[in-house]
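A quick write-up on the structure given underneath.
The values are calculated or read from the model by the stated rules, or taken from the named source; none is laboratory data. All values derive from a computational prediction rather than experimental measurement. Cβ atoms come from the backbone with ideal geometry, glycine included; neighbour counts cover every protein chain shown.
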2 protein chains.
Amino acid sequence: MMEKFFYPRSVAIIGASQKEGKIGFSLVKNLKEKFRGKIYPINPNADSILGLKVYPSVLEVEDEIDLCIIAVKSNIVPNVLEECGKKGVKNVVIISAGFSEAGEEGKVLEREIKKIAERYRIRIVGPNTIGVFNPEIGLDATFFLDQDVNKPGEGNVSFFSQSGTVAVLAMESFSESNIGISKLISYGNACDINESDIIQYFLKDEKTKVIAGFIEGIRDGKKFLEAVRNARKPIILLKGGKTKSGSRAVSSHTSSLAGDYFVFSNVLRQFKVREAKTWEELVDSVKIFSFMEKVNGDRVCVVTNGGGFGVLASDEAEKNELKLPEPSEELKKDLEKILPPFASLKNPIDIIADATPERYKQVFEVLEKHDEYDVYLVVVLTQTPMINEGIVEAILSFKKPKVVCMSGKKSIEMIKELEKRKVPVFHSPERAVKAIKILLS
Amino acid sequence: MMEKFFYPRSVAIIGASQKEGKIGFSLVKNLKEKFRGKIYPINPNADSILGLKVYPSVLEVEDEIDLCIIAVKSNIVPNVLEECGKKGVKNVVIISAGFSEAGEEGKVLEREIKKIAERYRIRIVGPNTIGVFNPEIGLDATFFLDQDVNKPGEGNVSFFSQSGTVAVLAMESFSESNIGISKLISYGNACDINESDIIQYFLKDEKTKVIAGFIEGIRDGKKFLEAVRNARKPIILLKGGKTKSGSRAVSSHTSSLAGDYFVFSNVLRQFKVREAKTWEELVDSVKIFSFMEKVNGDRVCVVTNGGGFGVLASDEAEKNELKLPEPSEELKKDLEKILPPFASLKNPIDIIADATPERYKQVFEVLEKHDEYDVYLVVVLTQTPMINEGIVEAILSFKKPKVVCMSGKKSIEMIKELEKRKVPVFHSPERAVKAIKILLS
């Protein structure tokens, strides 16, 4: 049912505009630059936009239209939707705002478009959305331009959000964290398609490994439970409207009922859906599941060239009930052979600030040989003159599940290289440990 | 007593080296490039380093030496310290490692240098430190090069850390957050000068507004309590070794006793010293106190052009027991006049995604006139095409205490501009709200 929203062969934009800065212009521009299907801009008062022929109405397009994006004033939406129905369009994204989120008049209008959609069996995403995004086929049906927003590349994470602003911020955050996206959708007022439809689709979608979303309210509790009941992929949700103040903000935002957070949170736990408590936690959770495979045990080993961050990592690990067992005597003996006398052979294994990439590599070889841990946290203080680009290769040579903590001026390129190869990097020891905890729980 | 460590007129580097990559070279290079006093490299086997005349021993320097940095092998330290004593040097930073953190032999060596220092009344910072940093006079007596580390500019925050790696990471984190430093010091094994001496000095230092530190163990509980008892400046501490695993890591790191964390934490609370629970919280706390003045009330107003982030900010505010009172009817009426009909006039005041900098400015003017709140959280979704550089001026025109939340591609220059003018910016609504909470508590 949702396939054509993400894999259309042809897209029409009702409300296409010749004027830079207008939503109807940006939509055409994004598609023109990237989409590998056909594009039909619709506007009765224009001939061509960015070199594309413009049609006065969808009814004038001879081709089939798989997906229609509507970005006209709210009061015109019923008219153009009616035309979509006549044309036989079955999938419509309504970008336009001014519906149920905007008072009584808007509510009436939203009921009206629902009726039209039902009559013609049109499925609607929106209204009050920023659109849909599927980099696999160059479908950037959003009105945010590349010059304004860092957009993620292709990947295995699919994200949904009622809030359009949160969806665009997800784009930026994911892109900054080198997380690739399979599909992204904002569904706004959810007058038709809602979170449960989307989760169901993502669960079946082969290109989606991790599902994440920002939810303000659940439209249909029963359907939602059915969707998540037997989920075989990690689902990570951030809830908006957890408190009285938050719920009040929700109602004026997408007119949802935030619902009882306590109930929501318990239901999630019961069905093994993960709840992120903050935006950062959402992004870090998505990253760890996108980059890594499930780990079977919970024995964590910290290797560090910086004592202080080793201490912070240890504290955070114990706080999160992770195990940091000491190496066996045999492992210690082998480490002793390659490490300077001041090194600490406990866990964290502190290989001292004068460690070179070569020393890291030797330690990794010994750890691999003994195989006493399930997951490794590699802390690298890149600031010492001993650490150069060689550290990337050293870490990549280590064939065990691993999370890296590094930050600072010298680390920027290293992080890019590591994350390109799906080794997740976090800036602080606490965030790195929390990410491991999430992976293990 | 500590004045000369931060304001020396002359610095000698024992163990100065001609060889790039060596600690003794980097120390000379950093000072040569920035320090506005006299520099005396000491090395019996070199004539000149980076164009500076090299002396075979401090005893050959005719001038008075205010501060001596020692970076030779640990077993040579007693000898050169003895020479410092004979020369009349009273302030010494011992960079060299290999003392009490490195087993029994090192402990003996540390006792030996302590005795020499006592005999000559030399005060020691270290051993096992990365040095001292005071950008006000260009004193970068650390061995981290500018090419490897982003270093903060001059400011009002003074930072201390037992751990050298944490000190250098503070440099990078503060620099990234546009936080300026007054003084920074790592004191390593604390064989003489410890956290209490440093806090006492920073409390008296006129250039220090905010004190922050990473502490593994307290050397002298009584002295520490005396130091913090009547502190009139915000002190923010991050404790390493809060747990069993953390304490174990501490003991192999700087040979401190981590002590009972529960007692420590309670003592801090009693004396209004703030405890940061994570690295991020430390940086955010430092930023908010460095940039802002104390606010007297706790009425918070959120202004946003993005509904979703308004919701997240509201949730986090209530979770942190902040008040988000609704605007008065009078204020609402004035807002209605300037805002489009879909805008939400509750708190958060959602001025809708099509808000321009001009609309923000008008809203600020109305808010200023009514003056119903103590502190404002301004959320700006910079991704919309309506937001341009004008937003910086709009925010700066607003004369009330304010914290900003923005992120993403377009925000990078805006954030620099805002923070240059001491408006603190946070990337996520949760971190922004937590920072306000810290300021108010």
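Yes/no matrix, rows are residues, columns are (1) facing chain A (nearest Cβ under 9 Å); (2) within 26 Å of the chain's Cα centre (by Cα); (3) surrounded by fewer than 24 Cβ atoms within 10 Å (Cβ to Cβ):
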{"site": "B:GLN270", "(1), (2), (3)": "no, yes, yes"}
{"site": "B:ARG274", "(1), (2), (3)": "no, yes, yes"}
{"site": "B:ASN296", "(1), (2), (3)": "no, yes, yes"}
{"site": "B:VAL300", "(1), (2), (3)": "no, no, no"}
{"site": "B:LEU312", "(1), (2), (3)": "yes, no, no"}
{"site": "B:GLU318", "(1), (2), (3)": "yes, no, yes"}
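For residues that are surrounded by fewer than 24 Cβ atoms within 10 Å (Cβ to Cβ) and touching a Leu at 6+ places or on another chain (Cβ under 8 Å), tally how many sit in region A:377-386.
Total satisfying the criteria: 1.
Could you check region A:286-324 and list, in sequence order, the residues that are in a loop (DSSP other than H, G, I, E, B) and closer than 22 Å to B:GLU101 by Cα?
A:ASN305, A:GLY306, A:LEU324
What's the total number of residues in region A:419-430 that are closer than 30 Å to B:ALA276 by Cα and either among the aliphatic types (A, V, I, L, M) or surrounded by fewer than 20 Cβ atoms within 10 Å (Cβ to Cβ) (or both)?
Count: 4.
On the given criteria, is B:GLU105 charged (D, E, K, R) and within 14 Å of another protein chain (Cβ to nearest Cβ)?
The answer is yes for B:GLU105.
In region A:26-39, is there at least one residue being over 15 Å from A:LEU145 (Cβ atoms) and in contact with a Leu (Cβ under 7 Å, 6 or more places away or on another chain)?
yes
Return the residues of region B:127-165 that are within 8 Å of chain A (Cβ to nearest Cβ), within 23 Å of B:GLN200 (Cβ to Cβ) and in contact (Cβ under 8 Å) with a residue 60 or more places away in the chain; say none if nothing qualifies.
Of everything in region B:127-165, those that are within 8 Å of chain A (Cβ to nearest Cβ), within 23 Å of B:GLN200 (Cβ to Cβ) and in contact (Cβ under 8 Å) with a residue 60 or more places away in the chain turn out to be B:GLN162, B:SER163.
Within the set of pairs 6 or more residues apart or between chains, which connect a residue that is within 14 Å of chain A (Cβ to nearest Cβ) inside region B:414-438 to a residue that is among the polar types (S, T, N, Q) and buried (at least 22 other Cβ atoms within 10 Å of the Cβ) with Cβ atoms less than 6 Å apart?
Close Cβ pairs (under 6 Å, with a partner that is among the polar types (S, T, N, Q) and buried (at least 22 other Cβ atoms within 10 Å of the Cβ)) amount to B:HIS427/B:SER407.
Anything in region A:325-352 that is assigned to a strand (DSSP E or B) and at the interface with another protein chain (Cβ under 7 Å from one of its Cβ atoms)? List them, or say none.
A:SER344, A:ASP350
Kindly indicate which of A:GLU118, A:GLU112 is out of contact with any His (no Cβ under 9 Å at 6 or more places or on another chain), closer than 18 Å to A:PHE5 by Cα, in the same structural domain as A:ILE14 (by TED's automatic domain parsing) and not small (Gly, Ala, Ser).
Among A:GLU118, A:GLU112, only A:GLU118 is out of contact with any His (no Cβ under 9 Å at 6 or more places or on another chain), closer than 18 Å to A:PHE5 by Cα, in the same structural domain as A:ILE14 (by TED's automatic domain parsing) and not small (Gly, Ala, Ser).
Is there any pair linking a residue in region B:207-222 that is within 14 Å of chain A (Cβ to nearest Cβ) and under 8 Å from B:GLN162 (Cβ atoms) to one that is among the aliphatic types (A, V, I, L, M) and in a strand (DSSP E or B), with Cβ under 7 Å and at least six apart or on different chains, and which?
B:PHE214/B:LEU238; B:ILE215/B:LEU237
Output the residues belonging to region B:353-372 that are within 14 Å of chain A (Cβ to nearest Cβ) and crowded, with 19+ Cβ neighbours inside 10 Å.
Within region B:353-372, B:ALA353, B:ALA355 qualify.
Against the condition without any contact (Cβ under 8 Å) to a residue 40 or more places away in the chain and at the interface with chain B (Cβ under 9 Å from one of its Cβ atoms), how does A:THR243 come out, does it pass?
Against the criterion (without any contact (Cβ under 8 Å) to a residue 40 or more places away in the chain and at the interface with chain B (Cβ under 9 Å from one of its Cβ atoms)), A:THR243 qualifies.
Please give the helices (runs of 4 or more DSSP H) falling wholly within region B:353-441 in which 1 or more residues are within 28 Å of B:ILE181 (Cβ to Cβ).
B:390-397, B:411-420, B:429-440
Name the residue, out of B:SER17, B:SER10, that is of a type in the set (Gly, Ala, Ser), closer than 27 Å to B:GLN200 by Cβ and in contact with a Gly (Cβ under 9 Å, 6 or more places away or on another chain).
Step by step, each of B:SER17, B:SER10 is checked, and only B:SER10 is of a type in the set (Gly, Ala, Ser), closer than 27 Å to B:GLN200 by Cβ and in contact with a Gly (Cβ under 9 Å, 6 or more places away or on another chain).
Out of all the residues in region B:130-156, which are farther than 17 Å from B:GLU172 by Cβ and among the small types (Gly, Ala, Ser)?
B:GLY138, B:ALA141, listed by residue number.
Return a yes/no flag: does region B:303-310 have any residue that is of a type in the set (A, V, I, L, M), under 30 Å from B:ASP350 (Cα atoms) and touching an Asp or Glu at 6+ places or on another chain (Cβ under 9 Å).
yes
Here is a list: B:ILE122, B:ILE69, B:ILE95. Which entry is under 15 Å from B:GLY24 (Cβ atoms) and out of contact with any Ser or Thr (no Cβ under 9 Å at 6 or more places or on another chain)?
B:ILE69
Looking at region A:179-202, which of the residues that are among the hydroxyl-bearing types (Ser, Thr, Tyr) and surrounded by 24 or more Cβ atoms within 10 Å (Cβ to Cβ) is nearest to B:GLY306 (Cα to Cα)?
Only one residue fits best here, namely A:SER186.
Got a sec? Which of B:ASN156, B:ASN128, B:ASN189 is touching a helix residue (DSSP H, G or I) at 6+ places or on another chain (Cβ under 7 Å) and within 26 Å of B:PRO424 (Cβ to Cβ)?
B:ASN156
Out of the residues in region B:387-403 that are closer than 26 Å to A:GLU20 by Cα and surrounded by fewer than 20 Cβ atoms within 10 Å (Cβ to Cβ), which is farthest from the other protein chains (Cβ to nearest Cβ)?
B:GLU393
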